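Input: a single structure, listed below in structure tokens.
None of the figures in this text is laboratory data; all of them are computed from the coordinates on show. Being a predicted model, the structure only gives us computed values, none of them experimental. Cβ placement follows ideal geometry from the backbone for every residue including glycine, while neighbour counts extend to all protein chains displayed.
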Ligand code: SF4
């Protein structure tokens, strides 16, 4: 059976579709353009001058509409890229426009990324196609299409999310960060679709090429060891006797993370919302241009101070029983936008099969994201006898959950199954290669919260700049260890931490 084309949902409009494609260099494809407009009508751009016209027109539109730059300022930026006056800027159909990402930490467009894009489109084998979604390019339709299984239909942008926009406290931008060691870009978008991906504009596809960042993209920051739940499966061993991290220690760490160009900070504990300065910590993360997320097992903070919600990118709510879903139910009714940032986290090995199925169905019925956390045998969990959870995949499939996340430990445990069912583009790297764990109470850094054998204490380092160097040096060590592990286990070049799967 052959299904040549499929579209989900009703058609409410028609629009232009422009594509940048890679062809064989000897392919005989010529320029074809009939209008002074990159819009709805079919066009093919192969010659360097036309491809640059197209790129300049895209840049021009983005600088004016996304950055509010004036006509003359936009023109002078484009001229400066060429050291000459560029006049052939045409209109681009708005449906095919792009946003030029910002330089990390600034409100300016990333000029270096634009320069790399220029070099990329000038490649002999790059062709730009224009047209609309009512036509097909006969010349290209019988070719093998590239595989890009991003299921955006599951990344919901509902009305609540759009209406909520005005309350957002962090900067809703797309940031670009250049990774010097492996020569590629990391792009991170915080709103409306939170997404992070690696972009290589220089090298030809090579499955063996490794893409690892210069500094962590994400930091897992433990700010308290206090938690009054005292679960007997707590791998952190948190309890009512647990201490909160010193406020200034946390702010110093955040400053260093900003210097390292970290995108996201996941606050954890213990129960992070019990830290007496929790909201101030969130504000500091935001002020440094990063996005704070956190994991919690309680939701009463939402009634005490709903503004906390405005500062965070994502909230992971730990669910182990039906009772937890009932608490969540009330919040979802009282705050109808709460679902927009919520992920239900299920610690595997701590929930029965029935509870798991109940929570999964609950999440599915409400279109909530699900993240499965593998069992970790540290802390109090050392003495805990985990519930066998080999049935998880059957339940996920039976309930037709097509989109969910797993953490690295779950990925390691079930790699063969996940490799079969999903695509490696969704897998990230072993822990310690893209992210880092910081315990602000004990003041040490390690590859991950459940991998603290190789930990390094930092309480002796007083100078902030030395702290930056220290983090970079240790992060390099974590990456090297992760690479050795990768080679030993023959994992795919891209392996996962906390990422989504399409089954
Ligand atoms: S597992 Fe979570 S909720 Fe339970 S004691 Fe530990 S931090 Fe608290």
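Things worth noting here:
- Across the range 371-414, Cα-Cα pairs more than 16 Å apart make up 46 percent of the total.
- Take the Cα of residue 95, step 7 Å toward its Cβ, do the same at residue 169, and the gap between the two points is 4.0 nm.
- Here the range 230-320 is treated as a Stokes sphere of Kirkwood radius computed over C-alpha pairs; at 37 °C and 0.692 mPa s its diffusion coefficient rounds to 237 µm²/s.
- In terms of its alpha-carbon gyration tensor, the range 52-126 comes out rounded; the largest-to-smallest axis ratio a/c stays below the 1.5 threshold.
- Additional length obtainable on full extension of the chain from residue 206 to residue 456, 0.36 nm per residue less Cα span: 86.5 nm
- Per-selection Rg to Rh, the range 14-145 - Cα, Kirkwood hydrodynamic radius: 0.97
- Bridges between two residues of the range 218-502, per DSSP, are antiparallel at a rate of about 30%.
- Stokes-Einstein translational diffusion, the range 195-236 - Kirkwood Rh over all Cα pairs, 0.890 mPa s, 25 °C, in µm²/s: 164 µm²/s
- R0 of 35 Å, Cβ-Cβ distance residue 41-residue 466: FRET efficiency to nearest 0.05: 0.05
- For the range 281-401, diffusion coefficient by Stokes-Einstein and Kirkwood Rh (Cα), 4 °C, 1.567 mPa s, µm²/s: 83 µm²/s
- Spin-label pair residue 87/residue 195, simplified geometry with 7 Å Cα→Cβ offset, distance in nm: 3.9 nm
- P(r) tail for the range 318-364: Cα pairs beyond 14 Å make up 47% of the total.
- Under the Debye formula (equal points on every Cα, no solvent term), log10 I(q)/I(0) of the range 218-502 at q = 0.08, 0.15, 0.17 Å⁻¹: -0.33, -1.25, -1.61
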